[in-house]
Amino acid sequence: MWNLFRVFNLLMYFLTSFVWWSFSLPMNATVAALDVLMLFCLHYNPKKYVIYRKIPIILGVIILLSALSAYTLGLSYGLSNFFVYLPILMLYALKPEWKADLLAFITKWFSIIIEISLFVFLLAHIGILHPIGQFIASDLPYPPYDNYVFFIKTRMYDSVVYRFNGPFLEPGHLSMIASILLFANKYKFKENKKLWILLLAIVLSFSLAGYVITFIGFLMIKLKNIQNLIILSIVSIASEYVVTDLWNEGDNPVNILIFDRLQYDEENGISGNNRTIEETDRLFSSSYKYGNLWFGLGKNGINNSSIRGAGFKIYLLRYGIVSTLLVFYLYWLLMPRRCDRRYAYSFLVLIAFIFMQRAYPSWYTWLLPYILGIGETQKQVEKKRILNIR
């Protein structure tokens, strides 16, 4: 019976994360049902959890965030926020060994899904497989996709090469998820061969953000001594030379989609900084100037404007500075007292970098790897503490 509940619990967690990886704004009823399932698992397997002192504080921040969302965007947004954030209490309360087990489980099956998606993508690319129809992204502003079940194909990106997006709406979604999972697993490619699948997916997505976040995260984890710095510098310089000069004299997708977009631009900072349109930038500047960003523009202010894009400007316009600060305070609270602090702070900095470009802090694609990756280090820190006492 215990094994049955263990499998059911892990499956439920995986389905929770998969729902959030597949849809940006699920209905309140969906997340409420998932909350009930998690409470059911907690009831039948309470030995997996530890009641930490910070849990009431975390709950208080969740309630405050939900109340602010209800105030600025309406009651339905407030309820959605509450139901979405509530399960993280149970994830946070999991014992370290279960956090490690769950992270391995999610990484394994997500990698398997992407592996199948890559295979289907290859067969479709060479013309062996044909779509079974079209996938319409509901009322979201995306053109119809060719549906290959494990892979959806779009031509919305006018590019020199097709950017792999797997079963997701955008290549950026895929690369964001994969880069966070790589960091959560500390880039241990030797111990977990499935991580190579995630890295390949990032490469084929040709997502500038995915490349940059993966590189920054790798630096944070691996640069612990001067030898690693020298090796990484040599590899980076050699790679840039190959891509910009040797590989077809720079006329290749990596150079065009990645390196050229890293060039300095007077308006955007870098050429690839195109997350918002001009109307959004103007509204953000005027809102900031007149002090309207503290609690966001509210439901009417958002609906009556022509803002479009992604990143921190959209989030601040929608939710405000106060909610943004509360979100990062929540992430800080989710660090257990005994954990690898260097790794935990690095993870929070990485989340901040991602937030600048693609601000979805309530998505489980952020929360699950973050909580589980940091929580996994509790076991290592506890072992060191016991050894030092002895």
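Every number in this text was worked out from the coordinates using simple rules, so none of it is lab data. Bear in mind that the values here come from a model prediction, so they are computed numbers and not experimental data. So basically every Cβ, Gly included, is an ideal-geometry build from the backbone, and we count neighbours across all protein chains shown.
Net charge dipole, the stretch 81-180: roughly 120 debye, given to the nearest 20, about the Cα centre with Cβ charges of +1 for Lys and Arg and -1 for Asp and Glu. The trypsin sites (Lys or Arg not before Pro) of the stretch 123-217 meeting both criteria, a DSSP state outside H, G, I, E and B (loop) and at most 12 other C-beta atoms within 10 angstrom of the site's C-beta, are R155, K188, K190, K193. Cross-linked pairs K99/K194; K99/K186; K108/K188; K153/K313: Cα-Cα separations exceed 20 Å for K153/K313.
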